[in-house]
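The values are calculated or read from the model by the stated rules, or taken from the named source; none is laboratory data. On a predicted model such as this, the values are computed, not experimentally measured, just so you know. All Cβ positions, even for glycine, are placed from backbone atoms using ideal geometry, and neighbour counts span all protein chains on display. Note: areas computed on protein heavy atoms with side chains; ligands, DNA, RNA excluded. Shrake-Rupley method; radii C 1.70, N 1.55, O 1.52, S 1.80 Å.
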Amino acid sequence: MSDLSAAWARLSKAAEAAGSRRIDSLFSAEPDRLDRLVVAGAGLELDLSKQPWSLADLGVALDLARAADIEGARARFFAGEAVNSSEHRAALHMALRAPRGSDFKAQGQPVSGEVEAMRDRMAKFANGIRSGAHKGATGRPFRKVVHIGIGGSDFGPRLVWEALRPLESPIEVRYVANVDPSDLSFALSGLDPAETLVVVVSKTFTTQETMTNAKAARDWLRGALGQDGDKHLVAVSAALKETAAFGVPDDHVFGFGDWVGGRYSVWSPVGLSCVIGLGPEVFEAMLAGGAAMDAHFREAPLETNAPALLALAHIFNRNGMGRPVRAVVPYAQRLHLLPTYLQQLEMESNGKQVTPEGKPVQHHTAQAVFGDAGTNVQHAFFQLMHQGTDIIPTDFIAVREASEGDPAAQRILLSNVIAQAEALMVGKTEAEVRKELAAKGVSADEIETLAPQRTFPGDRPSAMILMDRLGPAELGALLALYEHKTFVEGVLWGINSFDQWGVELGKTLATRVLGELNGGAANPHDPSTARLIGKLKA
Ligand code: F6P
């Protein structure tokens, strides 16, 4: 048995034992539990004390990380090696947010210089739009930005805008992703083309949804402004030939290298709508927050390394305790898109079943992630979280200070996140419930049926990520924390976290089906699919 297999076997054994004791029993047994399991990095605090592992189990998990050579993999990742082996590419999003003067190389090619030049160009462009110096075709300033993109070309910028947008903004940014024509219709409704800038974001500039929406938006501009409407188009892409063919003026094209993966691209020109909407200083502060987390991930020992520990905690639940689903619940309305963002980051990165060598993986890979903003979710799926038959670990995110509004409401919000994590772990025994019901004078017969229904088993794990405020630096650190946690998991599972072949088949079949819906020749299909095509074709 290899050292790595032996380390996995020890983790399974530790997790098996963890299943037969309660999390809350560990606090009295381990006086230094909080000291060891609350770590800080890049302005975030990560509390993993409500996880099912004991401190001895933590040691076992850290041994697994060492046996998988996390530190060596991390060094190769930061060195710009082709960690995306199936596409022969580096995955060097850290270079996009690095402090000025850094010297990142993607597969030996220096990239930091071009990254800095692009950051300056974006800032200049954004300042021109924001100040009104850069005008539209009719001489009026731009006041609205419509960002068109999907997946990694949408989730990150949309989340950043929602998280950081001012209450009143001189520039309004709207996002369109879905090819559902309603999405674009709503985004364009009420807008005047003369003061609207359309930013088309697509790494490949071939994505069906984005190109369909981009063409419709271009028609909308041209319909009002004639050929001059093209002056209101901006393209962000790694495919510069395609952007020229689309009619975007050269000085409105913002390129980036193929070493920027879609779901890791918010730090690149993909975030241009945020640079325009929020201002370059805010965007730069977000980059600095991401860079601070990079430094923490690179330098902190594994024992206090927030991304590594979060990955190990998730793996302890996922692989050790057989928990394939995880909830992410930010108690911050401004972060309500975080679960969606993480679905792509984690599930597209690590939803894999074979290794880069094409061999079956030895362990289950990515958890399914779901969630939404607290407190809303308490009135949706928390019944199941507390009393359902499955144990679903939760990541809570809490922010000390409100971004705006009444501090008293913020304290109510905070009381809820603290209480939910406590309730999930501690629960309420049947004996306590019986006592309470008896004190209220409930009959013995009713207590018999009610008590089990009102019992909370508890022992449901959570992680708590705490920040003082939701500023750009904290947001950057939070996103980088999850990026690196996803990387660590990928290394432990022995998969390539940076490709996504699993999205291809559906795209190919959709093109075939579209031909048929448009009246083209029938292709062979299973009977169920053929019936649907017959029913829905024009
Ligand atoms: O969902 C599949 C995907 O390929 C993602 O990886 C990517 O973020 C998204 O499509 C959009 O791709 P593009 O930026 O090339 O339009």
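Data overview
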item: Every residue from segment 161-170 that is crowded, with 16+ Cβ neighbours inside 10 Å and out of contact with any strand residue (DSSP E or B) (no Cβ under 6 Å at 6 or more places or on another chain); result: E162, A163, L164, R165
item: Whichever residue in segment 179-213 is of a type in the set (A, V, I, L, M, F, W, C) and closer than 18 Å to T511 by Cα and, among such residues, is surrounded by the most Cβ atoms within 10 Å (Cβ to Cβ); result: F205
item: Any chance A295 is under 27 Å from the mean Cα position of the chain (by Cα), open to solvent by 10 Å² or more (accessible area, probe 1.4 Å) and either of a type outside the set (V, I, T) or within 16 Å of the ligand (Cβ to nearest atom) (or both); result: yes
item: Hits in segment 518-531 - residues which are surrounded by fewer than 13 Cβ atoms within 10 Å (Cβ to Cβ) and at negative phi; result: N518, G520, A521, A522, P524, D526, P527, S528, R531
item: Single match in A438, A521, A510, A530 (criterion: within 16 Å of the ligand (Cβ to nearest atom), over 30 Å from V39 (Cα atoms) and either among the aliphatic types (A, V, I, L, M) or in contact with a helix residue (DSSP H, G or I) (Cβ under 6 Å, 6 or more places away or on another chain) (or both)); result: A510
item: Output for segment 473-503, where each listed residue is of a type in the set (A, V, I, L, M) and open to solvent by 20 Å² or more (accessible area, probe 1.4 Å); result: A473, V491, V503
item: Test result for R158, touching a residue at least 12 places away in the same chain (Cβ under 8 Å), within 16 Å of the ligand (Cβ to nearest atom) and open to solvent by 40 Å² or more (accessible area, probe 1.4 Å); result: yes
item: Check on V282, aliphatic (A, V, I, L, M), in a loop (DSSP other than H, G, I, E, B), more than 13 Å from the ligand (Cβ to nearest atom) and touching a helix residue (DSSP H, G or I) at 6+ places or on another chain (Cβ under 8 Å); result: no
item: Matching residues in segment 27-51 - criterion: being out of contact with any Leu (no Cβ under 8 Å at 6 or more places or on another chain) and either hydroxyl-bearing (S, T, Y) or open to solvent by less than 10 Å² (accessible area, probe 1.4 Å) (or both); result: S28
item: Cβ-Cβ under 7 Å pairs, at least 6 apart or on other chains, segment 488-505 side on the phi > 0 side of the Ramachandran plot, far side away from the ligand (no atom under 16 Å from the Cβ) and open to solvent by less than 40 Å² (accessible area, probe 1.4 Å); result: G494/T355; G494/V361
item: Test result for T429, open to solvent by 80 Å² or more (accessible area, probe 1.4 Å), among the polar types (S, T, N, Q) and modelled with pLDDT of 95 or more; result: no
item: Count - residues of segment 385-406 that are touching a residue at least 40 places away in the same chain (Cβ under 8 Å) and either open to solvent by 10 Å² or more (accessible area, probe 1.4 Å) or aliphatic (A, V, I, L, M) (or both); result: 13
item: Candidates R100, R66, R89, filtered to the one that is closer than 14 Å to L312 by Cα and of a type outside the set (A, V, I, L, M); result: R66
item: Long-range neighbours under 8 Å by Cβ, at least six apart or interchain, first residue farther than 17 Å from D69 by Cα within segment 1-28, second basic (K, R); result: I23/K50; L26/R33; F27/R33
item: Single residue of P339, P356, P307 found to be more than 16 Å from the ligand (Cβ to nearest atom), in a helix (DSSP H, G or I), closer than 30 Å to T204 by Cβ and in contact with a helix residue (DSSP H, G or I) (Cβ under 6 Å, 6 or more places away or on another chain); result: P307
item: Residue, farthest from the ligand (Cβ to nearest atom), within segment 134-151, restricted to residues that are of a type in the set (V, I, T) and open to solvent by 40 Å² or more (accessible area, probe 1.4 Å); result: T138
item: Test result for R222, away from the ligand (no atom under 15 Å from the Cβ) and open to solvent by 50 Å² or more (accessible area, probe 1.4 Å); result: yes
item: Options A216, A187, A194: the member that is touching a strand residue (DSSP E or B) at 6+ places or on another chain (Cβ under 6 Å), more than 12 Å from the ligand (Cβ to nearest atom) and over 17 Å from G156 (Cβ atoms); result: A187
item: Positions within segment 320-334 being part of a helix (DSSP H, G or I) and surrounded by fewer than 23 Cβ atoms within 10 Å (Cβ to Cβ), in sequence order; result: Q333, R334
item: Per-region count, segment 232-266, residues in a loop (DSSP other than H, G, I, E, B), in contact with a Ser or Thr (Cβ under 7 Å, 6 or more places away or on another chain) and more than 14 Å from the ligand (Cβ to nearest atom); result: 0
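For every residue, the table says whether it meets (1) closer than 30 Å to F316 by Cβ; (2) within 16 Å of the ligand (Cβ to nearest atom).
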position: P457; (1), (2): yes, no
position: L466; (1), (2): yes, no
position: K485; (1), (2): yes, no
position: V488; (1), (2): yes, no
position: W493; (1), (2): yes, no
position: Q500; (1), (2): yes, yes
position: V503; (1), (2): yes, yes
position: G534; (1), (2): no, no
